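Visitor: This is the structure I have questions about; it appears just below.
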Amino acid sequence: MALESLQDLLMDELCDLYDAEHQILRALPEMAEAAKTRDLQQAFKEHHEQTKEHVARLDRVFKLFNEQARPKPSEGVKGIIAKGRVRTKEASEAEVRDAALISTAQRIEHYEIAAYGCARTFARVLGEQEAVSLLQQTLDEEGETDKTLTRLAEQHINPRAHAHA
Ligand SMILES: [Fe+2]
C-alpha cells in the first residue's frame, strides 16, 4: 500500500501494532509459564489480560477512521520474541532466566511505547480526539507495565540472578 498521507502512515502503524499485539497475546502465556518468580508470572498474566483490551481498542480506532482492522506482519516484534525464546532456552538457571524474560518483555514494551506514541501523535494532528484518547490509554498501560518490570528486576529478580552465580 502506498503511503501518501499521514492517515495512510497512521493506518500502517496501526496494522503493525495489530499484528504485534496478537503475537504478544500468544507469547505472554509462554513467558508466564517459563517464569519462576510468582510476581513475574503474575505480571505477565495481568499484561495478557490488558493486551486483549489493547486489541479491542485498536479495533475501535480502525472503526473511527472507517478502516478495516487488518494485521500487517510486525517483523520488529517477531524478532524480539524469537530472540527471547532462544535466550529462555539458553538460560539454564531459573533465576537468570527470569532476568532474561524481563529484558525480552521490556524490549517489547519499548517497541509498543514508540509505536503507540507515534500513532497517538498522528491521530492528534488528524483531529481524531477519541482515537487520541484510546491510543493514549494503551500507551499509559504499556508504560506502567514497563515500570512494573523495572521494579521487579531491581527489587529481587536481578539480585537473585546475580547471587545465584
Ligand atoms: Fe499492548
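The values are calculated or read from the model by the stated rules, or taken from the named source; none is laboratory data. In this text, all values refer to a predicted model and were calculated from it rather than measured experimentally. Because the Cβ atoms are built from the backbone with ideal geometry, glycine has one as well, and the counts that use them run over all protein chains shown.
Visitor: Tell me, which residue of the stretch 1-51 that is part of a loop (DSSP other than H, G, I, E, B) and under 16 Å from Ala100 (Cα atoms) is nearest to the chain's Cα centre (by Cα)?
Guide: Ala35
Visitor: Scan the stretch 64-99 residue by residue and report those that are without any contact (Cβ under 8 Å) to a residue 40 or more places away in the chain and crowded, with 19+ Cβ neighbours inside 10 Å.
Guide: Passing the criteria: only Ile80.
Visitor: Between a first residue in the stretch 108-130 that is touching a residue at least 60 places away in the same chain (Cβ under 8 Å) and on the phi < 0 side of the Ramachandran plot and a second residue that is within 13 Å of the ligand (Cβ to nearest atom) and charged (D, E, K, R), which pairs have beta carbons less than 7 Å apart while being 6 or more apart in sequence or on different chains?
Guide: Glu112/Glu142; Ala115/Asp16; Tyr116/Glu142
Visitor: Which ones in the stretch 1-33 are crowded, with 17+ Cβ neighbours inside 10 Å and without any contact (Cβ under 8 Å) to a residue 24 or more places away in the chain?
Guide: Leu28, Ala32
Visitor: Ok, one more. Under 6 Å between Cβ atoms, which residue pairs at least 6 apart in sequence (or on different chains) link something in the stretch 34-48 that is closer than 15 Å to Ala94 by Cβ and at pLDDT 95 or above with a partner that is hydroxyl-bearing (Ser, Thr, Tyr) and in a helix (DSSP H, G or I)?
Guide: Final answer for the pair search is Ala34/Thr88.
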